[in-house]
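Read through the structure below, which is laid out as structure tokens, and then see the notes.
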């Protein structure tokens, strides 16, 4: 029983301490740009719950979801195709490395030119940045398929879709998940950035509007909300990751045991 | 499957193919606007972009912007690496600290750096400090995670030996922790450098700190499309160049190091 | 044990976010005989031609001011810049300043920036539609999309004023934020039904066949003061002499630019990407030396009616004492 308490204490200890320190240190703050924490929390409660949740936060998250799903689909599909053919990989590697090196926000003005300013543009921006980690990691994962397993499949004449599913995707999945996690972080960042240009709704849009009209407490509450969303999605991902890669983590735990 | 390797030729074929790929893409992007497949005023042909790039290279403003970007990048990366290394070594070595800070780190890490942009603008306007705030915040976590993994990776036998010899904290860090963590530190620097460059350009683009990103924003706002593409090309080349340089440095520094060069799987 | 404690404290100090405070340092007076170094935050648009012209003509140097002009993206960056001490003075549209004042930001307008020409149909910005658009009056914009460069700011206020003046319901108009250069293509493609560009984009759209249906600066208030130069109240209190000299130099610059439009056009080609051929066709704003206070009052009332300003702003606190 004390073990659980100890664990809870370790997990909550420092965050609670930091929170309390912030609360009291800022309590009487007159600094225009650093309002007291309790005012920020009040603004948080007043601003975000209510129609703003539906009007702005929900569309943002939906665009994020669509963009992320599209990035995964495109990245995995292309990644499997490119990773399976050595000549294709060699052909495309410099091009992909170059495209990956372009900072995603820099593509926003270009995407606006090509795709206008509606939701479509925002989703394309998210995909254009999030696809690279997925794509490149999938290529790596597919390339590194264990030779012995590949030979075994050939001996048993396992081909086509079954081979894809049981051999390629499964052995590449840890690498693909790594890419998916990086892509999630990038997707969140691009979701916010795509709403800072030429938008009229969304979480990033609102935070920028607050900043422009000098509503500092509301802006801080928006920053807080963005942080919470980042954390929540990260936890959700970790949960999915542990389920999907159950077999992989189990294997590694076994390998790590002292012989 | 077991064909004898043709000595000497193997390395050249992928390189040739890679070059061919680049050329093919360049040609495709040259023809597409000319044939009307994409509107030429929104995506100029490759030759126009390259000509514009040559023109940009002659503008002193371009070199000033490049210097600004490199300076911001360098300062941000330097601070993040230093802070990340020290924090990582301390947290990893002092007993109990890792467990105590773990939840806080996992909470702060996924906060998107762009959430800080409005805050940075209010605090620092368009000065270099705004962009530095973004760069340092994002790169610090990259570095910290890598260093922590390195510190934790210390061989248990060696650690016990150190304890038997009653090595103090600083001696342990110097002889035990640091050599083990070094490959992770080096990898961490490379990863942090990539993130730092992206955030530097992002900050310049959105906040308006002087640099290549700001030049891209100005070009975009005055509807100067070829310069915009030319500058985007430059940022891509910077990223690729940085990646190659850091990988080469990594290989050089770790050439002597036994092969424990595992990029921590949780380096995300 | 002590070493470990020291390490712990060291770590704690490092983990504390290093958000350095912005010390609002007022510019210290220079050593005797040296001119004041003044950095002004401006936006690279037509409106600030007078200050560039004044610098060129030496109006600032003659008053012992060593002027540096720094271009920034917009008021959102210039206002914190003035507050944080990066700029001693800044240029911003009056709605941004009213918004800042309503949040109790310690700012003070020192002198006029630029005004609307006051002439309907011949202003430096107008509400435009594409050439073959069936829309002929702002009233017909109900339920339609209008492109403006910044939402919840001055463009929205004055376009709403146009709609109201034409007898329409401004709340039914859908505003879309878009950078000026994208407006021409958006109008052509039908992505938006109307746009509110300012020069040089107004002339560019007109050349491409677009037509104006309203002069929104005029519809908002007669001879509207659109933008102004401002400083922080701290600078106002501690460097009053500098502020007075800057104001005098600005007034001289404004009057000169207003009466020498050709020189104003010429200077515009030096700090923007606009060419000499293009600038000859543009409609310039007016540059009176004095702020039109009545127009500001009217604008504030419009903004409050639109819900942009939540409370009556204190114009006396914001404007320089008459």
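None of the figures in this text is laboratory data; all of them are computed from the coordinates on show. Because the structure is a prediction, the values reported are computed rather than measured. Backbone-built Cβ (ideal geometry, glycine too); neighbour counts: all protein chains shown.
In nm, to one decimal, how far is the residue C:305 label point from the residue B:59 one, both placed 7 Å along Cα→Cβ?
4.4 nm
Summing -39500 (n - 2.57) over the DSSP H runs of n ≥ 4 in chain A and dividing by its residue number, what mean residue ellipticity at 222 nm do you reach, to the nearest 500 deg cm²/dmol?
It lands at -26000 deg cm²/dmol.
Once each part is reduced to its C-alpha centroid, what is the distance from segment C:281-322 to segment C:143-207 in angstrom?
One Cα centre to the other: 21 Å.
Calculate the FRET efficiency for residue B:255 and residue A:81 from the Cβ-Cβ distance with a Förster distance of 25 Å, rounded to the nearest 0.05.
In this case the efficiency is close to 0.10.
How many nm is it between the label spots at residue A:20 and residue C:259, if each spot is 7 Å from the Cα in line with the beta carbon?
7.1 nm
Sort out for me the Cα centre separation of segment C:64-133 from segment B:10-52, rounded to whole Å.
After rounding, the separation between the Cα centres reads 43 Å.
For a quick protection proxy, order the peptides B:123-135, C:200-212 by their average other-Cβ count within 10 Å, most packed first.
B:123-135, C:200-212
When the C-alpha atoms of segment C:27-92 are aligned to their principal axes, what extent does each axis show, in angstrom, from largest down?
Computed over the Cα atoms, the extents are 35, 27, 11 Å.
With a 10 Å radius around each residue's Cβ, average the other Cβ atoms per peptide and rank B:51-58, A:83-90, A:209-216, highest first.
A:209-216, A:83-90, B:51-58
Restricting to DSSP H runs of at least four residues, report the calculated mean residue ellipticity at 222 nm for chain B, -39500 (n - 2.57) per run over all residues, nearest 500 deg cm²/dmol.
-24500 deg cm²/dmol
Based solely on C-alpha atoms, express the radius of gyration and the Dmax of segment A:169-221 in angstrom.
Computed over the Cα atoms of segment A:169-221, radius of gyration and Dmax are 16.3, 52 Å.
Report, in whole Å, the centroid distance computed from the Cα atoms of segment C:211-270 and segment B:159-180.
68 Å
How crowded by other chains is A:198-205, given as the mean number of beta carbons from other chains within 10 Å of each beta carbon?
Taking the mean over all residues of the peptide, I get 4.
For a bin width of 10 Å, list the pair-distance distribution of segment C:210-297 built from all Cα-Cα distances, rounded to whole %.
Answer for segment C:210-297: a P(r) of 14, 33, 37, 15, 2, 0 percent.
Sorted from largest down, give the three principal axis spans of the alpha carbons of chain C, whole angstrom values.
In descending order, the Cα extents are 80, 56, 38 Å.
Report the dimensions of the protein assembly as shown along its three principal axes from the alpha-carbon atoms, largest first, rounded to Å.
Principal-axis extents of the Cα atoms in the protein assembly as shown, largest first: 89, 70, 55 Å.
Per-residue mean of other chain beta-carbon atoms within 10 angstrom of the beta-carbon, peptide B:90-101?
For peptide B:90-101, the averaged partner shielding equals 5.
Sorted from fewest to most neighbouring beta carbons within 10 Å, what does the list B:214, A:122, C:37 look like?
C:37, B:214, A:122
Counting only other chains, what is the mean number of Cβ atoms within 10 angstrom of the Cβ of each residue in peptide A:224-235?
If you average over the peptide's residues, the count of other-chain Cβ atoms is 4.
If you bin the C-alpha pair distances of segment C:48-147 every 5 Å from 0, what whole percents do you get?
2, 9, 15, 16, 15, 14, 11, 8, 5, 3, 1, 0
Sort B:141, A:23 so the one with the fewest other Cβ atoms within 10 Å of its own Cβ comes first.
Going from sparsest to densest Cβ surroundings: A:23, B:141.
Alpha carbons only, please: Rg and Dmax for chain B, in angstrom.
That works out to 23.0, 76 Å for Rg and Dmax.
Of the DSSP beta bridges with both residues in the protein assembly as shown, give the percent that are antiparallel, rounding to the nearest 5.
55 percent
What are the radius of gyration and Dmax of segment A:56-256, computed over its Cα atoms and given in Å?
In Å, with Rg to one decimal and Dmax whole: 19.6, 69.
Arrange the peptides C:250-262, A:157-169, C:72-84, B:69-81 so that the one whose residues have, on average, the most other Cβ atoms within 10 Å appears first.
Peptide ranking by packing, descending: C:72-84, B:69-81, C:250-262, A:157-169.
With label points built 7 Å along Cα→Cβ from the Cα atoms of residue B:51 and residue A:6, find their separation and express it in nm.
Using points 7 Å along Cα→Cβ, the separation is 7.4 nm.
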